[in-house]
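The values are calculated or read from the model by the stated rules, or taken from the named source; none is laboratory data. Quick caveat: nothing in here was measured; it's all calculated off a predicted structure. No Cβ is skipped: glycine too gets one built from the backbone with ideal geometry, and neighbour counts run over all protein chains shown. Note: accessible area is taken over every heavy atom of the protein model, side chains too, but ligands, DNA and RNA are not part of it. Shrake-Rupley method; radii C 1.70, N 1.55, O 1.52, S 1.80 Å.
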Amino acid sequence: MRKELLEQLETPCIVIDMEKAKANIKKMQKAADIYGCKLRPHVKTHKMPLFANMQLEAGACGISCAKVSEAEVMADGGAEDIFIAYPMVGAFRVKRVIALAKRVKRLILGVDSMECAVPLNKAAGEAGILLEIRMEVDTGAKRTGVVQNQAVILAKQLQALPNLKLTGIYTFKSLVYRGKPTMDNHMAGVEEGELMEQIAAELRDAGVVIEEISAGSTPTGLEVAKTGKVDEIRPGTYIFNDYMMYKEHAAFPDEIAVRIYATVVSTPCKEYAVIDGGTKTFPKDVCLDAPPCCYPGYAFVVENDDLRLRRINEEHGMLVSRKGDTGLHVGDVVELIPIHVCTAVNMQNYVYLYDGKGIQKEPVAARGMLV
């Protein structure tokens, strides 16, 4: 980025390369279309209606959200077909879901237990509406989702609830193969597709109507789509990509559309320099040096493999030099790639959009929407 543009940045901040983001959107949509699979991108990465609308205009069938508050922001921004892939547990969530269902064309809710489903059914009955639901199945991530040997039992129970309409199943499997972490995107994706096809077949054999099968995150999405065994994929990170996606073989370095810029505020000694971003800027949801990715720092310093962001406090980041001299001075601006862009964006009130010529601010409208 040109010096005059760098001088306009208020650091620490995130800058999005719009041309790369647009190219990433186009690439994923084209691939999904080629494989005959619908694309319902997860907005938890960008949290901005601007990008959701770009994805929809490119051909996405709808969007995925994690929380109802996030979905409300996207509905305000024009989204009409929303899947909340998260259990709607709690009277406060149920109340807001009912209101949201009345103002969008299609709202799909994730369910993985009767404890989640019964309050939804009751509220829908009282509101005089029918809520569309998908049942989540655990296929290896061991997060939310009914375990596979209980899927038929739960699906039958859900199908019996009069105010809920079970239309499909979904999963989040991540990079897991045969129950263990893997770096083989192809095998993980093939297994994901096969497992979901098998579960759907078992449900249909038991008399449960399953119209849609949804799966696939950014690392496995296209591999799942290639199997032809699912109807929809839900990648999110692909729009910006990050160092994690590069390490997980889901993106090339030149497809990473996001940068974090930070300013050196102190150089107590030559061995390390302090930047103005710490845990409130850089995600700490990765373990350093741990296999299989073995991340060397909490962010990757662009074009300087000597520097490592090894230690961060709330507002301080310590860049250390492996050779013993950072070469940095107070006032220098450092360019970094986040390990995990999704959590990085959620810590910013706004991001800078770079179009190759200039920059402008864009509010992160769904920032902190955690309900």
Next on the checklist: When a/c reaches 1.5 or more, the comparison of a/b and b/c decides; with that in mind, is region 1-77 rounded, prolate or oblate per its Cα gyration tensor?
Outcome noted: oblate
Item to check | For region 144-248: accessible area per residue (Å², 1.4 Å) | outcome: 39
Checklist entry - Whose amide H sits under 5 Å from the amide H of G278, counting only residues 5 or more places off or on another chain, with H placed in the peptide plane? => result H316
Next on the checklist: With +1 on the Cβ of every Lys and Arg and -1 on the Cβ of every Asp and Glu, and nothing else charged, how large is the dipole of region 71-228 about its Cα centre, in debye rounded to the nearest 20?
Outcome noted: 480
Checklist entry - Ordered by residue, what ³J(HN,Hα) values in Hz, to whole numbers, does region 313-327 give under the Karplus form 6.51 cos²θ - 1.76 cosθ + 1.60, where θ = phi - 60° and Gly and Pro are x? => result 10, 3, 10, 10, x, 9, 8, 10, 9, 6, 8, x, 8, 5, x
Item to check | Segment T279-H316, length gained on full extension (0.36 nm per residue, minus Cα span) | outcome: 12.5 nm
Checklist entry - With labels modelled as points extended 7 Å from the Cα through the Cβ direction, what inter-label distance (nm, one decimal) is found for E303 paired with A160? => result 6.6
Checklist entry - Residue-wise, which Karplus ³J(HN,Hα) couplings in Hz belong to region 340-350, taking 6.51 cos²θ - 1.76 cosθ + 1.60, θ = phi - 60°, and x for glycine or proline? => result 10, 5, 4, 6, 5, 4, 5, 9, 10, 6, 8
Item to check | Counting DSSP beta bridges with both ends in region 116-187, the antiparallel % (nearest 5) | outcome: 20
Checklist entry - Over what distance in Å are the Cα centres of region 177-228 and region 302-322 separated? => result 39
Next on the checklist: Please report the antiparallel percentage of the DSSP beta bridges confined to region 82-216, to the nearest 5.
Outcome noted: 10
Next on the checklist: Could you report region 311-362's accessible area per residue, 1.4 Å probe, as an integer in Å²?
Outcome noted: 50
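Ordering E194, E72 by how much accessible area each has at a 1.4 Å probe, largest first, what is the list?
E194, E72
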Checklist entry - What angle, in degrees between 0 and 90 and rounded to the nearest 10, separates the Cα long axis of helix 185-205 from the longest principal axis of the Cα atoms of the chain? => result 20
Checklist entry - Ignoring ligands, DNA and RNA, what accessible area per residue does region 1-131 give at 1.4 Å, in Å²? => result 43
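Which percent, nearest 5, of DSSP beta bridges in the chain are antiparallel?
Given both bridge residues lie in the chain, the antiparallel proportion sits at roughly 50 percent.
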Checklist entry - Where nothing but the Cβ of Lys and Arg (+1) and of Asp and Glu (-1) is charged, how large is the charge dipole of region 15-60 around its Cα centre, in debye to the nearest 20? => result 140
Checklist entry - By its C-alpha gyration tensor, with a ≥ b ≥ c as the square roots of the eigenvalues, how is region 213-371 shaped: rounded for a/c under 1.5, else prolate for a/b larger than b/c, else oblate? => result prolate
Item to check | 5 angstrom amide H check on Y295, placed H, neighbours 5+ away | outcome: D289, A290
Checklist entry - Which one is right for this structure if volume of the Cα convex hull per residue in Å³ is calculated from it: (1) 127; (2) 160; (3) 204? => result (1)
Checklist entry - Along the positive direction of the dipole of region 208-269 (beta-carbon charges: Lys, Arg +1; Asp, Glu -1; about the Cα centre), which of Y261, V209, I233 reaches farthest? => result Y261
Checklist entry - Roughly how big is region 139-220's charge dipole about its Cα centre, with Cβ charges of +1 (Lys, Arg) and -1 (Asp, Glu), in debye to the nearest 20? => result 360
Item to check | For region 114-142 versus region 233-256, the gap between their alpha-carbon centres in whole angstrom | outcome: 31
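I'd like the carbon and sulfur percentage of the solvent accessible area for the chain, probe radius 1.4 Å, heavy atoms only, ligands and nucleic acids excluded.
Roughly 52 percent, rounded to a whole number.
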Checklist entry - What's the angle, to the nearest 10 degrees (0 to 90), between helix 114-127's Cα axis and the longest principal axis of the chain? => result 70
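Sort region 280-354 into rounded, prolate or oblate with this rule: let a ≥ b ≥ c be the square roots of the eigenvalues of the Cα gyration tensor; rounded if a/c is under 1.5, and if a/c is not under 1.5, prolate when a/b is larger than b/c, oblate otherwise. Mind dumping the intermediate values first?
On the way: a/c = 1.73, a/b = 1.14, b/c = 1.52.
Judged from the Cα gyration tensor, region 280-354 comes out oblate (a/c at least 1.5, b/c at or above a/b).
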Item to check | Per-residue HN-Hα couplings for region 254-266 [Karplus 6.51, -1.76, 1.60; θ = phi - 60°; Hz; x = Gly/Pro] | outcome: 6, 9, 7, 9, 10, 9, 10, 10, 9, 10, 6, 10, 7
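Normalising by the residue count of the chain, find the relative contact order in percent from Cα pairs under 8 Å and 6+ residues apart.
19
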